[in-house]
Amino acid sequence: MEFASEKKREILSSIARNDGHGEHSPYFDGWKAYDRNPFHPTQNPDGVIQMGLAENQLSFDLIEEWIKNNPTASICTPAGVGKFKDIANFQDYHGLMEFRQAVAKFMGRVRRGKATFDPNRVVMSGGATGASETLIFCLANPGDAFLVPSPYYPANKISTNSHRRKFQQLPSDPGTDGISIHQAIEANINVKGVILTNPSNPLGITLSKETLTSLLSFTFEKNLHMVCDEIYSATVFNSPAFTSISEVMQETECNPDLVHIIYSLSKDLGLPGFRIGIIYSYNDQVVNCARKMSSFGLVSSQSQHLLASMLSDEVFVKKFLEESSRRLAKRYSRFVEGLKQEGIHCLEGNAGLFFWMDLHHLLKEPTHDAEMELWRVIIKDVKLNVLPGSSFHCTEPGFFRVCFANMDDHTVEVALKRIKEFVSNAMEKHWRKRNLSLNFTSRKCDESLMSPHQRMPPHSPMPQSPLVRART
């Protein structure tokens, strides 16, 4: 008999030992730089400003006001403690019915009543990432793949990697058609579906109804799952309005069993710490399986109880959505207009908590290595944690995602001042020191696929996306 001590073997599983979490990437490196030296207006005014965190902190005062005016909504107040026993006791993985009803109603409200949602199809999970992971587990086997247009949110790939599922990225480089479903089959890749984020993270734009219709028809024709991440659906601050896949499927021939929505209250309400993730599937088997799996990441019953009351207050919800949209629009305009004065252009966005900044003209050469070199200067010397496009798998270098809703007005002005000084003065110092020269290039893109509000800078990756064209 051979004992474990006599035989070399791995102590941990392959999942625990792999690098699937993606921690060793610019996406997380910027966070580490901020954590080591966080900006504070008085205690550390020269610290790193966090512009890589997509949080909606502009309307906390509205929520705080509601909580003060509704003390019975919390079991931790003298007015609400009478419900403590009921809420503190064990709740099964279905969750509180009043919470699921309130979430379903809120989702319909955000979609302007153009779609209704069944509370019995609302499945809870610990945040949107947990919801995505649970859904992928239900839909695919190890080795299966999902088509995704680039650029895309890095954590989507993490969700698939954790179960040894993978992304088949569709490059958006203007010089390539990308990989089609037939090419994937020829490469012995079993494609199970398409994953979209609408509104887009990191682009900060909404997908048009025509685009969604084309994609839904494509997935129906190929018998693929359509997974729509709609966690930014209530962050739209400019026209056109948000169009949900739930609205499109009412007017398009499709198989409802193949349509699934990921939702959350982290972005729309600015409550990421509450860990409210939602799976809404039109497939009964997926709902049943995901609900059983939700026991691995249940939402606190205390959070459910509080939010059920808040989301059921129609007067508050109306006020919050309108005011949040107004504040996001104001903050977005302040940043984008301020950057424009310094010759920095951004994709014209209408949703999300970030904008897509074009710095390709500051690159030594049009490569991802040059993009990373510029990013390190921005992190180390300018002390702004913005995220390079390569961390979102953008195929064309020079783009950066910049978050604008996670700071106060004073920090906004500090950030703009730093960028201005960097562009007007520090560029020469930083790049001459490294014997670098600036290379200004231009290239035209076909904008015929985009509506006027979505016209992109010359180097935008989005118009040429093969997935948006739904090619086969």
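Odds and ends about this structure:
- Computed over protein heavy atoms with a 1.4 Å probe, the accessible surface of region 206-355 works out to 38 Å² per residue.
- Divide the volume of the convex hull around the Cα atoms of region 48-151 by the residue count and you get 225 Å³ per residue.
- Computed with every protein chain present, the accessible area of residue 46 is close to 110 Å² [probe 1.4 Å].
- On the basis of the beta-carbon distance and an R0 of 45 Å, residue 92 and residue 372 show a calculated FRET efficiency of 0.40.
- Bridgeable aspartates and glutamates around residue 417 (alpha carbons under 19 Å apart, same-chain partners fewer than 8 residues away excluded): 46, 337, 342, 358, 381, 408, 409, 428.
- Pairs beyond 28 Å (Cα-Cα), from 32/420; 105/292; 114/318; 209/420: 209/420
- Working note: Cα atoms of region 112-157, range along each principal axis, descending, whole Å: 35, 23, 18.
- The largest accessible area among 263, 34 belongs to the first residue in 34, 263, and the rest follow in falling order (1.4 Å probe, all chains).
- Placing a pseudo-label 7 Å from each Cα along the Cα-to-Cβ vector at residue 79 and residue 61 gives an inter-label distance of 2.1 nm.
- Solvent-accessible area, 1.4 Å probe, carbon plus sulfur percent, for region 30-165: 52
- Modelled spin-label separation between residue 17 and residue 209, with each label point placed 7 Å from Cα along the Cα-to-Cβ direction: 5.4 nm.
- q = 0.13, 0.15 Å⁻¹: log10 I(q)/I(0) that the Debye formula gives for region 166-320, counting C-alpha atoms only: -0.75, -0.97
- Probe 1.4 Å - accessible area at residue 372, Å² to nearest ten: 30
- Members of 68/319; 83/267; 267/383 lying beyond 20 Å, as alpha-carbon distances in this model show: 83/267; 267/383
- Distance from region 211-248 to region 331-364 (C-alpha centre basis), Å: 25
- Full extension of the chain between residue 365 and residue 329 gives 9.6 nm of extra length, using 0.36 nm per residue less the Cα-Cα distance.
- Cα radius of gyration and Dmax for region 263-363 (Å): 19.1, 54
- For region 274-395, the share of accessible area belonging to carbon and sulfur comes to 51 percent (1.4 Å probe, ligands and nucleic acids excluded).
- Mean projected area of the Cα convex hull of region 307-368, taken over all directions, amounts to 6.1 nm².
The values are calculated or read from the model by the stated rules, or taken from the named source; none is laboratory data. Since the structure is predicted, the reported quantities are computational estimates derived from the model, not experimental observations. FYI the Cβ positions are ideal-geometry reconstructions off the backbone, even for glycines, and counts take in every protein chain you see. Surface areas here come from the heavy atoms of the whole protein model, side chains and all, with no ligands, DNA or RNA. Shrake-Rupley method; radii C 1.70, N 1.55, O 1.52, S 1.80 Å.
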